[in-house]
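Visitor: This is the structure, below, for whatever I ask next.
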Amino acid sequence: MVKPAEREKASMLRLLMEIIKDPDRKSLLTITKDLFSLGIYYRQFPRHYFSRYLFKKGKSNIKDYFPDDFLYYGIKPLLNDKEWRDVLENKLFFHLYYSQLNVPMPRVLMHNSKTVYICDGKPTEVSNYEEFVLLLNGLFEREPTLDSMIIKKIYWSFGGDKVYKISRSQVSNNRSLLTELYSEVKKSGFLFQETVIQHAALSKLNPFSLNTIRFDTFIDKDGRVDVISGYIRMSINKNYVDNICLGGCQVGIDLRTGRLKKEGYSTLSYYGVRILKSHPVTETIFEEVVIPYFDEAKELVLEAASLIPGLRIVGWDVAISESGPILIEGNSDYSITGNDLSEGGYRTNPVFRKVLDEVKDLRSSRYKYPWL
Ligand SMILES: Nc1ncnc2c1ncn2[C@@H]1O[C@H](COP(=O)(O)OP(=O)(O)O)[C@@H](O)[C@H]1O
Ligand SMILES: [Mg+2]
């Protein structure tokens with residue numbers, strides 16, 4: 001069996017070969033110079049040079065991008081109260097908190113804690129597979145307009161992990177999917193949600209996945225709430241989730257107009273060194289797409305952010321339906337690296353500069369990140 005460390009080494013090697021063969025890369029001399037100057041500036045090996053595609057010709061503003069460890073650990077813990085994080089990181093609490101504040105969200109049909117399912121305000125014990133199937137059939141019978149549902153783990157799950165989709169017909173004819181689902185569901189707690197049907201303009205990008213906008217918001221010291229940036233995510237194949245780590249790609253959005261930017265990025269490990277200009281399955285050209293209800297979507301995340309002042313920097317997932325935006329999820333520990341990539345370097349973003357100014361004022365940050 002190949003050990004994970006060996007597998008990682010092999011994939012690093014494969015990636016290196018791909019970069020060397022890439023006709024759109026800078027010269028090896030320029031790449032070496034870039035790595036050297038970033039290494040001196042940030043006082044560490046600049047791994048983000050690769051994941052932000054800075055080896056590509058034309059990427060000259062290399063210092064506008066930040067190292068991963070700073071974006072992962074240098075900001076969010078300083079701005080977000082630990083005590084409030086469970087409101088977002090527990091998908092049931094998230095639903096309960098925001099739906100009572102009249103924020104548009106997918107309808108929740110049922111949830112469970114191991115063998116007990118709370119449905120229609122009543123607990124039901126489910127002790128075997130057959131009873132589980134019976135319960136799901138009953139749910140579909142009571143919801144004649146529902147074609148499918150999304151079932152997701154309630155607590156601390158992210159990246160599209162443990163998100164299942166089952167259709168009405170699969171309940172009776174896909175035993176292997178149902179068996180897998182049941183064996184997962186009975187181990188912990190899951191939320192059973194209606195499947196959101198997205199706006200046709202977003203289906204044009206990829207009709208198989210629910211393509212959500214990842215906005216991030218910041219509440220400054222004076223309590224002013226701003227959207228920092230936004231990008232759209234979609235599967236690059238036929239997956240129903242859009243998460244980047246499961247084969248999604250991301251395209252930045254012009255915050256003023258709602259129009260997609262030119263370039264789409266998947267991950268180096270998933271899609272290699274190519275930058276996308278159109279979707280590989282639907283061939284939709286990114287730059288030609290304007291997101292409908294974009295102003296309403298921004299309003300929605302501004303409102304959601306203002307309702308949770310204990311978390312000052314948050315990444316939100318927003319779907320767009322035919323009748324407007326729907327809040328899917330909030331993340332108190334979102335990947336700022338994604339926004340850094342789709343914004344073309346976060347250093348020039350005016351709202352992110354406010355974040356930096358605040359972080360820079362803290363002695364612990366100046367000590368850890370002397371380049372700030
Ligand atoms: N109710 C829903 N209907 C359709 N697709 C959904 C629904 N909820 C989530 N998804 C899809 O699954 C993805 C992951 O769901 P999410 O709730 O954000 O969990 P995670 O924490 O794993 O990111 C979403 O970005 C979207 O593509
Ligand atoms: Mg999500």
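The values are calculated or read from the model by the stated rules, or taken from the named source; none is laboratory data. Everything numeric here is computed off the predicted structure, so don't read it as measured data. Neighbour counts are summed over all protein chains in view; Cβ atoms, including those assigned to glycine, are modelled from backbone coordinates with ideal geometry.
Visitor: Does any residue of region 256-269 turn out to be of a type in the set (D, E, K, R) and within 26 Å of Ser306 (Cα to Cα)? Working first, answer last.
Guide: In the first step, residues of region 256-269 are kept if they are of a type in the set (D, E, K, R); the result is 256, 259, 261-263.
Pick out the ones that are also within 26 Å of Ser306 (Cα to Cα) and you get 256, 259.
Yes, region 256-269 has at least one match.
Visitor: Further, regarding this structure: Those residues that are under 30 Å from Thr124 (Cβ atoms), surrounded by fewer than 20 Cβ atoms within 10 Å (Cβ to Cβ) and either touching a Gly at 6+ places or on another chain (Cβ under 9 Å) or polar (S, T, N, Q) (or both), I need them from region 53-88; list them, please.
Guide: Val87
Visitor: If you don't mind, another one. Take Arg233 and decide whether it is in the same structural domain as Leu307 (by TED's automatic domain parsing) and either surrounded by fewer than 23 Cβ atoms within 10 Å (Cβ to Cβ) or more than 15 Å from ligand 2 (Cβ to nearest atom) (or both).
Guide: So Arg233 does not fit the description; no.
Visitor: Just for region 249-269: of the residues that are without any contact (Cβ under 8 Å) to a residue 40 or more places away in the chain and under 16 Å from the mean Cα position of the chain (by Cα), which one is surrounded by the fewest Cβ atoms within 10 Å (Cβ to Cβ)?
Guide: Going residue by residue through region 249-269, those that are without any contact (Cβ under 8 Å) to a residue 40 or more places away in the chain are 249, 254, 256-260, 262-264, 266.
Adding the requirement that they be under 16 Å from the mean Cα position of the chain (by Cα) leaves 249, 264, 266.
Details: Cys249: 27, Gly264: 28, Ser266: 19.
Looking at residues that are without any contact (Cβ under 8 Å) to a residue 40 or more places away in the chain and under 16 Å from the mean Cα position of the chain (by Cα), I get Ser266.
So that you can scan it fast, the table gives a plain yes or no per residue for (1) polar (S, T, N, Q); (2) outside the structural domain of Ser342 (by TED's automatic domain parsing); (3) not in a loop (DSSP other than H, G, I, E, B):
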{"site": "Phe50", "(1), (2), (3)": "no, yes, yes"}
{"site": "Arg85", "(1), (2), (3)": "no, no, yes"}
{"site": "Tyr97", "(1), (2), (3)": "no, yes, yes"}
{"site": "Leu101", "(1), (2), (3)": "no, yes, no"}
{"site": "Ile118", "(1), (2), (3)": "no, yes, yes"}
{"site": "Pro123", "(1), (2), (3)": "no, yes, yes"}
{"site": "Glu130", "(1), (2), (3)": "no, yes, yes"}
{"site": "Val133", "(1), (2), (3)": "no, yes, yes"}
{"site": "Thr145", "(1), (2), (3)": "yes, yes, no"}
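Visitor: Among residues belonging to region 293-334 that are in a loop (DSSP other than H, G, I, E, B) and closer than 29 Å to Ile75 by Cβ, point out the one that is farthest from ligand 1 (Cβ to nearest atom).
Guide: Residues of region 293-334 that are in a loop (DSSP other than H, G, I, E, B), as a first pass: 293, 307-310, 312, 322-323, 332-334.
Restricting the remaining residues to those that are closer than 29 Å to Ile75 by Cβ gives 307-310, 312, 332-334.
Working: Leu307: 18, Ile308: 17, Pro309: 22, Gly310: 20, Arg312: 20, Ser332: 11, Asp333: 11, Tyr334: 10 Å.
Among residues in region 293-334 that are in a loop (DSSP other than H, G, I, E, B) and closer than 29 Å to Ile75 by Cβ, the one farthest from ligand 1 (Cβ to nearest atom) is Pro309.
Visitor: If you don't mind, another one. Please go through region 327-351 and pick out each residue that is aliphatic (A, V, I, L, M) and within 13 Å of ligand 2 (Cβ to nearest atom). Please lay out each step first, then the result.
Guide: Here is the first cut: in region 327-351, the ones aliphatic (A, V, I, L, M) are 327-328, 336, 341, 351.
Scanning region 327-351 gives Leu327, Ile328.
Visitor: Of these, Val126, Val116, Val196, which one is within 20 Å of the chain's Cα centre (by Cα) and of a type in the set (Val, Ile, Thr)? Can you show your working first?
Guide: Details: Val126 fails: within 20 Å of the chain's Cα centre (by Cα); Val116 fails: within 20 Å of the chain's Cα centre (by Cα).
Checking each option against the conditions leaves just Val196.
Visitor: Here is a further query. Here is a check on your reading of the model: is Gly138 of a type outside the set (D, E, K, R) and within 16 Å of ligand 2 (Cβ to nearest atom)?
Guide: Numbers: of a type outside the set (D, E, K, R): yes; within 16 Å of ligand 2 (Cβ to nearest atom): no.
Criteria not met by Gly138.
Visitor: Something else now. Determine whether region 165-174 contains at least one residue that is surrounded by 15 or more Cβ atoms within 10 Å (Cβ to Cβ), touching a residue at least 60 places away in the same chain (Cβ under 8 Å), more than 23 Å from Glu141 (Cβ to Cβ) and not assigned by TED's automatic domain parsing to the domain that holds Trp316.
Guide: Going residue by residue through region 165-174, those that are surrounded by 15 or more Cβ atoms within 10 Å (Cβ to Cβ) are 165-168, 170-171.
Filter once more, keeping what is touching a residue at least 60 places away in the same chain (Cβ under 8 Å): 165.
When the remaining residues are screened for being more than 23 Å from Glu141 (Cβ to Cβ), the result is none.
No, because not a single residue in region 165-174 is surrounded by 15 or more Cβ atoms within 10 Å (Cβ to Cβ), touching a residue at least 60 places away in the same chain (Cβ under 8 Å), more than 23 Å from Glu141 (Cβ to Cβ) and not assigned by TED's automatic domain parsing to the domain that holds Trp316.
Visitor: So which residues in region 139-164 are more than 18 Å from Leu210 (Cβ to Cβ) and in contact (Cβ under 8 Å) with a residue 12 or more places away in the chain? Write out each step before concluding.
Guide: Pass one, region 139-164, residues more than 18 Å from Leu210 (Cβ to Cβ): 139-144, 154-156.
Result: Leu139, Phe140, Glu143, Ile154, Tyr155, Trp156.
Visitor: Report every pair of residues separated by at least 6 positions or lying on different chains whose Cβ atoms are under 7 Å apart, first residue within region 73-90 and under 11 Å from Ser365 (Cα atoms), second in a loop (DSSP other than H, G, I, E, B).
Guide: Final answer for the pair search is Gly74/Tyr369; Leu78/Leu362.
Visitor: When you check Asp222 against the structure, is it surrounded by fewer than 15 Cβ atoms within 10 Å (Cβ to Cβ) and more than 23 Å from Ile150 (Cβ to Cβ), yes or no? Break it down into steps so the answer makes sense when it comes.
Guide: On the way: surrounded by fewer than 15 Cβ atoms within 10 Å (Cβ to Cβ): yes; more than 23 Å from Ile150 (Cβ to Cβ): yes.
Taking the combined requirement at face value, the residue satisfies it.
Visitor: Going through region 283-292 one residue at a time, which ones are assigned to a loop (DSSP other than H, G, I, E, B) and out of contact with any helix residue (DSSP H, G or I) (no Cβ under 9 Å at 6 or more places or on another chain)?
Guide: First pass over region 283-292, keeping only residues assigned to a loop (DSSP other than H, G, I, E, B): 283-284, 289, 291-292.
Listed by number, the residues that qualify are Glu283, Thr284.
Visitor: Collect the residues in region 354-372 that are in a helix (DSSP H, G or I), surrounded by 13 or more Cβ atoms within 10 Å (Cβ to Cβ) and free of Cβ contacts under 8 Å to residues at least 40 places away in the same chain, keeping them in residue-number order. Spell out how you get there, then give the answer.
Guide: Our first condition is that a residue be in a helix (DSSP H, G or I); within region 354-372, this holds for 354-360, 363-368.
Now narrow it down to the ones that are surrounded by 13 or more Cβ atoms within 10 Å (Cβ to Cβ): 354-356, 358-359, 365-366, 368.
Those that are in a helix (DSSP H, G or I), surrounded by 13 or more Cβ atoms within 10 Å (Cβ to Cβ) and free of Cβ contacts under 8 Å to residues at least 40 places away in the same chain: Leu356, Arg366.
Visitor: For Asn90, are the conditions met, namely being within 16 Å of ligand 2 (Cβ to nearest atom), under 22 Å from the mean Cα position of the chain (by Cα) and either in the same structural domain as Gly344 (by TED's automatic domain parsing) or at pLDDT 95 or above (or both)? Before the answer, list the steps.
Guide: Working: within 16 Å of ligand 2 (Cβ to nearest atom): yes; under 22 Å from the mean Cα position of the chain (by Cα): yes; either in the same structural domain as Gly344 (by TED's automatic domain parsing) or at pLDDT 95 or above (or both): yes.
For Asn90, the condition - within 16 Å of ligand 2 (Cβ to nearest atom), under 22 Å from the mean Cα position of the chain (by Cα) and either in the same structural domain as Gly344 (by TED's automatic domain parsing) or at pLDDT 95 or above (or both) - is met.
Visitor: On to the next question. Regarding Gly160, is this residue modelled with pLDDT under 95, outside the structural domain of Ser278 (by TED's automatic domain parsing) and within 16 Å of ligand 1 (Cβ to nearest atom)? Walk me through how you get there before you give the answer.
Guide: Details: modelled with pLDDT under 95: yes; outside the structural domain of Ser278 (by TED's automatic domain parsing): yes; within 16 Å of ligand 1 (Cβ to nearest atom): yes.
In short, yes.
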